[in-house]
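Here it is: the structure, laid out below.
The values are calculated or read from the model by the stated rules, or taken from the named source; none is laboratory data. Note that the structure is a prediction, hence the values are computed from the model and not measured. Here the Cβ is made from the backbone with ideal geometry for all residues, glycine too, and neighbour counts use every protein chain on show. For accessibility, only protein heavy atoms count, side chains too; no ligands or nucleic acids. Shrake-Rupley method; radii C 1.70, N 1.55, O 1.52, S 1.80 Å.
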Amino acid sequence: MNQDASEDAAEQARAQQEAAQAMIDDLRSRPPEPYADRRPVPRVIDVVGRRSGLPRPFGVNVTAIDGHLYVCSSTRSRDWVRNLLAAGHCRVERDAPDGADTERRPVLAEGQEAATALAVYLPQTGYRDPRLPFEPDAPVDEIAQHVHATAVLRLDPVEETTATR
């Protein structure tokens, strides 16, 4: 790679980081939307970077489905997905009914559970991710054939133990 291409790539990475930070700042500046079953709401999730060990907050839509919370990605290669899986825990900012942060444990959903979450979430995004080998409004059975390549994480609550109370 020549120096111009390297500088262009670095500038593009900086621009992406600035855009992501602007989105996080915007989400933090407004009241959090309450959860409603089967409707995505934006949240900021804090996780530790798998290589850096530094805080890596990111904005993402969280979808409540039958009492469980899910985050979805068209690919498992996104940094936030890999960071969540490596850390094994995260904090969802201003997520509790009283506005407090909640501690969560991300669990990779598979099979019908993942397909159902994608079938609920994707049609509401207003976006067709070109990485997906199916349409956003595809039936659950079709989506289920491809969940091995996607990332659907269920965000389970972290239970307090008597040692942490």
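At 1.4 Å probe size, with the rest of the protein present, what percent of the exposed accessible area of the chain is carbon and sulfur atoms?
Details: 4920 of 9660 Å².
Exposed carbon and sulfur together represent 51 percent of the surface.
Report the per residue volume, in Å³, of the convex hull enclosing the C-alpha atoms of the stretch 15-62. Walk me through the intermediate numbers first.
On the way: hull volume 4.2 nm³, N = 48.
It comes to 88 Å³ per residue, whole-number rounded.
Lys and Arg at +1, Asp and Glu at -1: add these up for the other residues within a Cβ distance under 13 Å of residue 47 and post the number.
On the way: positive: 43, 50, 51, 56, 78, 82, 91, 104, 105; negative: 46, 79, 93, 101, 103.
Net charge in that neighbourhood comes out at +4.
Rounded to the nearest whole Å², what accessible area per residue is found for the stretch 1-154 with the 1.4 Å probe? Intermediate results must be reported in sequence, preceding the final value.
Values: 8670 Å² over 154 residues.
Accessible area per residue, the stretch 1-154: 56 Å².
Pop out the ³J(HN,Hα) list for the stretch 95-102 in order, Karplus 6.51 cos²θ - 1.76 cosθ + 1.60 with θ = phi - 60°, rounded to Hz; leave Gly and Pro as x.
9, 6, x, 8, x, 6, 6, 10
Using the alpha-carbon centroid of each, what span in Å lies between the stretch 6-31 and the stretch 88-165?
23
Using Cα-only point scatterers and the Debye equation, what is log10 of I(q)/I(0) for the stretch 80-130 at each q in 0.14, 0.15, 0.22 Å⁻¹, rounded to two decimals?
Treating every Cα as an identical point scatterer, log10 I(q)/I(0) equals -0.54, -0.62, -1.02.
Let me ask something else about it. If one puts a single equal scatterer on every Cα of the chain and applies the Debye formula without solvent, what log₁₀ I(q)/I(0) results at q = 0.12 Å⁻¹?
-0.59
Sticking with this structure for a sec: May I ask you to derive the FRET efficiency for residue 11 and residue 79 from their Cβ-Cβ distance with R0 = 22 Å, giving the value to the nearest 0.05?
It comes out at approximately 0.70.
Under the Karplus relation 6.51 cos²θ - 1.76 cosθ + 1.60, θ = phi - 60°, what is the ordered set of whole-Hz ³J(HN,Hα) values for the stretch 106-119, x standing for Gly and Pro?
Whole-Hz 3J(HN,Hα) from phi for the stretch 106-119: x, 10, 5, 7, 10, x, 4, 4, 5, 4, 5, 4, 5, 5.
By average Cβ neighbour count within 10 Å, what is the ranking of 129-136, 100-107 from highest down?
Packing order, densest peptide first, comes out as 100-107, 129-136.
Would you report the distance distribution of C-alpha pairs in the stretch 103-147 as whole percents per 5 angstrom bin, up to the bin with the largest distance?
Distribution as computed: 5, 24, 29, 22, 12, 7, 1 percent.
For the pair residue 86/residue 156, report the inter-label distance in nm, with labels modelled 7 Å from Cα in the Cβ direction.
2.3
OK, next. For an R0 of 25 angstrom, estimate the FRET efficiency from the Cβ-Cβ distance between residue 105 and residue 141 and round to the nearest 0.05.
It comes to 0.30.
While we're here: In square nanometres and to one decimal, what's the mean projected area of the convex hull around the Cα atoms of the stretch 1-92? Present the calculation step by step, with values, prior to reporting the outcome.
Working: hull surface 29.6 nm².
That works out to 7.4 nm².
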